[in-house]
Amino acid sequence: MNQQAQQAPQSFRGRMYRRDSARPKENRILALKTGIAGLQFNIENEEERRALQEITPGTELMLFREPDNEYDEWAIAVHLTQQDKLGFISRFKNETIARLMDAGKKFVGVVDDPETDPEAKEIAEKELRRSRRAPTENMALPFSIYLIEEA
């Protein structure tokens, strides 16, 4: 007599979804918490000022390398949309991320909420007290930068 272990039939859900499809498509690894350098210089009119005020915690920001930037060879621009540049990652903090971007790594920025995120609040307060903060770095809009790894 053949004694094979009987397997329980798969549930309907188990047949409909593969285990792989339930996994997230990407992992996000925190790389840096910072503010936007040059934010005050890129707001040119009242419409842009209003748009900036409507940014809420959790808003994703796009990061673009600008290797031909005349002021900083490691420049990374921070955009709200493809056309709306907010500023840059501080030149004192951007080289490692820029090198990784040049090597093909992807990053995304996410606006922090210092009121509900104690770590973001603590970092913002430390940055304001310490000289680590670049003179042009605006901590009024703190954000986190995440490395995106495909799962």
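Computed from the coordinates by the stated procedures, all read-outs in this text should not be read as laboratory data. All figures in this text were calculated on a predicted structure; none of them were measured in a lab.
See the values below:
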item: 5 angstrom amide H check on G87, placed H, neighbours 5+ away; result: V78
item: Chain lengthening between T59 and E26 when straightened (0.36 nm per residue, less Cα-Cα); result: 10.1 nm
